[in-house]
Amino acid sequence: SEDQSLVESEKPKETFQDVGGLEDVKKKIRMNFILPLQQPEIFAAYGKEAGGSLLLFGPPGCGKTFLARAVAGEIDANFLHIELQAILSMYVGQSEHNLHDIFQKARENKPCVIFIDELDAMGGNRHQMRQHHDRMLVNQLLLELDGLQAENDQVFVIGATNTPWYLDPALRRPGRFNHLIFVPPPEEAERELILKLKLAGKPAEDLSLGRLASDTKLFSGADLEQVVKDAVESAMERTFESGKIEPITNNDLKKAAKNRKATTLEW
Ligand code: ATP
């Protein structure tokens with residue numbers, strides 16, 4: 001089918017262990033997605049069905065995509081990442097067709113997690129010319145979601161948006177994206193955890209990550225990842241000069257943090 005190059009199916013290795021903090025979010029996802037799959041009889045006893053769709057929202061870089069991949073990793077599922085902007089830019093008619101193909105592909109590769117990024121791109125606030133086109137794509141997505149709901153079929157859909165208030169209300173009805181989960185910026189303890197995860201296994205002096213965590217208010221997980229990358233670069237520069245592996249220092253990290261801005265501020 002035509003979507004081959006559009007969306008590749010992959011099997012993420014990340015699990016919840018790789019996601020620093022967000023314990024409430026993980027708990028909610030476990031309850032609604034993972035446990036029903038692992039222990040369907042308990043959910044059946046209460047008349048609850050597995051599957052359904054989840055909507056993650058929050059500032060950029062705080063782990064929505066990462067979490068969605070980790071959900072697939074947790075249940076050993078395939079992962080299909082749909083970038084809505086890419087689909088929307090196609091010819092009228094073609095995008096609906098492609099969306100359908102992707103859902104079809106998910107059915108052939110179950111268990112499967114479909115991740116739809118930038119869901120708000122389907123909302124209003126757009127050029128008139130595009131609105132009819134958008135409407136058709138929203139309708140197609142609703143059709144696909146309702147179809148899955150009827151099949152109860154080990155295909156899970158996770159949507160993500162930075163701006164849930166722009167979302168088409170039809171997408172929020174029962175059986176569609178009715179689980180709305182906020183993925184907040186990491187708090188101090190979570191920032192420390194994320195830093196620790198990103199530094200794990202790398203040569204470093206005795207680091208005061210607690211201090212760094214308190215100095216990086218409003219940094220997203222992505223910002224912290226970047227801080228670590230910059231610090232690694234400094235240590236590597238020294239290594240190339242000295243000819244022996246140089247540890248990452250507190251100063252490397254401090255400098256890197258100073259040169260980066262907290263991006264969740266702009267949200
Ligand atoms: P956007 O809204 O811009 O798509 P997002 O919320 O989907 O952003 P991700 O792409 O998941 O953000 O995060 C970017 C990177 O930041 C991830 O690849 C991951 O390495 C890191 N990251 C973010 N949050 C965490 C976290 N809680 N634990 C570990 N790493 C994280």
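Quick one: which of Thr239, Thr249 is modelled with pLDDT of 95 or more, surrounded by 14 or more Cβ atoms within 10 Å (Cβ to Cβ) and more than 20 Å from Leu193 (Cα to Cα)? Matching residue, one of Thr239, Thr249: Thr239. Scanning region 139-170 for residues that are in contact with a helix residue (DSSP H, G or I) (Cβ under 7 Å, 6 or more places away or on another chain), in a helix (DSSP H, G or I) and more than 16 Å from the ligand (Cβ to nearest atom) turns up Gln140, Leu141, Leu142, Glu144, Ala170.
In region 63-83, which residues are buried (at least 19 other Cβ atoms within 10 Å of the Cβ) and part of a loop (DSSP other than H, G, I, E, B)? If the condition is that a residue be buried (at least 19 other Cβ atoms within 10 Å of the Cβ) and part of a loop (DSSP other than H, G, I, E, B), then Gly63, Ala77 are the ones that fit. Within region 172-214, the set of residues being charged (D, E, K, R), assigned to a helix (DSSP H, G or I) and out of contact with any strand residue (DSSP E or B) (no Cβ under 8 Å at 6 or more places or on another chain) comprises Glu188, Glu190, Arg191, Glu192, Lys196, Lys198, Arg211.
Does Pro203 fit the bill of being more than 12 Å from the ligand (Cβ to nearest atom), free of Cβ contacts under 8 Å to residues at least 12 places away in the same chain and not basic (Lys, Arg)? It is false that Pro203 is more than 12 Å from the ligand (Cβ to nearest atom), free of Cβ contacts under 8 Å to residues at least 12 places away in the same chain and not basic (Lys, Arg). Here region 213-230 is the region considered, the condition is being more than 15 Å from the ligand (Cβ to nearest atom) and farther than 16 Å from Cys62 by Cβ, and the residue that is surrounded by the fewest Cβ atoms within 10 Å (Cβ to Cβ) is Ser214. Given Val19, Val7, which one is touching a Phe, Trp or Tyr at 6+ places or on another chain (Cβ under 9 Å) and buried (at least 17 other Cβ atoms within 10 Å of the Cβ)? Exactly one of Val19, Val7 is touching a Phe, Trp or Tyr at 6+ places or on another chain (Cβ under 9 Å) and buried (at least 17 other Cβ atoms within 10 Å of the Cβ), namely Val19. For region 84-116, the set of residues classified as within 15 Å of the ligand (Cβ to nearest atom) and either over 16 Å from Ser9 (Cβ atoms) or assigned to a helix (DSSP H, G or I) (or both) consists of Leu84, Gln85, Ala86, listed by residue number. Being in contact with a Leu (Cβ under 6 Å, 6 or more places away or on another chain) and farther than 20 Å from Ile29 by Cβ is a property that does not hold for Leu199.
The values are calculated or read from the model by the stated rules, or taken from the named source; none is laboratory data. Here the structure is a predicted model, which means the values were calculated and not measured. A quick note on method: Cβ atoms are made from the backbone with ideal geometry, for glycine too, and the neighbour counts reach across all protein chains shown.
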